[in-house]
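Peer 1: Just dropping this structure here.
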Amino acid sequence: CLNMQQEGKKPVLFFPTSLGFATSKTITVPRNIGIDMRSSLIYTGQLNEPCLIIGETILSTTTTYRLNVERQIQADWTNENNIGIKFYNATTSDIYIEYVNGFTIAIQCIGSGEEGFTYNTVKLGDIVNGKVGIDLTTETDGWTNESLFLGGRIHIDSNVHPTKDRYGIRMSSIDLTYPGSNNNVFQKPSIEIGEL
């Protein structure tokens, strides 16, 4: 059901059109392997862990991604390790995040280990029911900067945790290290996260 295809010289992990691909554990894709998801990766596990980890903590990756992930059961938003897509150190990559649904943090972009999440073009689709829609963060002297985020709808259904705090876009540092998150550009996102 999953095939490795060649795109130029870099391999691509391909998820063909289907009803979705279930996983009860985190899927980790090493650096410089592209991903083309024509169907969702569905997290069916009970743990507070990422559904999909892309890249590595001390080396950068440059390739193309089309991503769809969802959680079978809506997260209760109590643990921020419950992440849809955890992206380490992408640089000059073309990223299309088509759909993410049901996690505490929908998308986390991390600059780690003196590397960065930098100079990417990120096209956003439907980002649904996350306490944090997009989390730009750093650790171990990494940085997240100079990426362009295009469009997207970041929204929370009215019946999902109506009394809890929520964030459309958050910029932070996991361990408060320099240089942090800056100079990222968001063009015309629709952020509909409700009111407390």
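The values are calculated or read from the model by the stated rules, or taken from the named source; none is laboratory data. Everything numeric here is computed off the predicted structure, so don't read it as measured data. Note that each Cβ is placed from the backbone with ideal geometry, even for glycine, and that neighbours are counted across all protein chains shown. Just the protein is used for accessible areas: all its heavy atoms, side chains included, with ligands, DNA and RNA removed. Shrake-Rupley method; radii C 1.70, N 1.55, O 1.52, S 1.80 Å.
Peer 1: Keeping to pairs on different chains or 8 or more places apart, tell me how many lysine pairs in the chain have Cα atoms under 25 Å apart.
Peer 2: Lysine pairs satisfying the spacing and distance rule in the chain number 14.
Peer 1: Just the Cα atoms of the chain: what Rg and Dmax do they give in Å?
Peer 2: My reading of the Cα-based Rg and Dmax gives 15.6, 49 Å.
Peer 1: Let me check something: with ligands and nucleic acids excluded, how do Y167, Y88 order by accessible area (1.4 Å probe), largest to smallest?
Peer 2: These residues rank, largest area first, as Y167, Y88.
Peer 1: Let me have the relative contact order for the chain, percent, based on Cα pairs under 8 Å that are six or more residues apart.
Peer 2: Worked out over the chain, it gives 14 percent.
Peer 1: Can I ask one more? Net charge within 10 Å of D141 by Cβ-Cβ distance, Lys/Arg positive one each and Asp/Glu negative one each, not counting D141 itself?
Peer 2: Surrounding charge for D141 is -4.
Peer 1: What residue among Q187, I107, I154 has its Cα farthest toward the positive end of the dipole of the range 83-188, where the charges are +1 on Lys, Arg and -1 on Asp, Glu, each on the Cβ?
Peer 2: Final value for the positive-end residue is I154.
Peer 1: Given the protein chains as shown and a 1.4 Å probe, how many square angstrom of T64 are accessible, to the nearest 10?
Peer 2: Accessible area of T64: about 60 Å².
Peer 1: Sorted by accessible area with a 1.4 angstrom probe, largest first, how do L59, L150, L176 fall?
Peer 2: The most accessible residue leads, giving L176, L59, L150.
Peer 1: Taking θ = phi - 60°, what integer Hz values does the Karplus form 6.51 cos²θ - 1.76 cosθ + 1.60 yield along the range 160-170, in sequence order, with x for Gly and Pro?
Peer 2: Per residue, the Karplus-derived 3J(HN,Hα) values read 9, 6, x, 9, 9, 4, 8, 9, x, 10, 10 Hz.
Peer 1: For Y167, enumerate residues with amide H under 5 Å from its amide H, sequence gap 5+ or separate chain, H modeled in the peptide plane.
Peer 2: V132, G133
Peer 1: Using θ = phi - 60° and the Karplus curve 6.51 cos²θ - 1.76 cosθ + 1.60, what whole-Hz ³J(HN,Hα) does each residue of the range 36-48 get, with Gly and Pro shown as x?
Peer 2: 10, 9, 8, 9, 6, 8, 10, 7, 10, x, 10, 8, 8
Peer 1: Let's see if you can work this out: charge +1 on each Lys and Arg Cβ, -1 on each Asp and Glu Cβ, no other charges. What is the dipole magnitude of the range 64-158 about its Cα centre, in debye to the nearest 20?
Peer 2: 300 debye
Peer 1: I've got another one for you. What whole-number value in Å² describes the accessible area per residue of the range 1-121 for a 1.4 Å probe?
Peer 2: Each residue of the range 1-121 exposes 43 Å² on average to a 1.4 Å probe.
Peer 1: Summing Lys, Arg as +1 and Asp, Glu as -1, what charge do residues with Cβ under 14 Å from the Cβ of S40 carry, S40 excluded?
Peer 2: Once all neighbours under 14 Å are counted, the net charge is -1.
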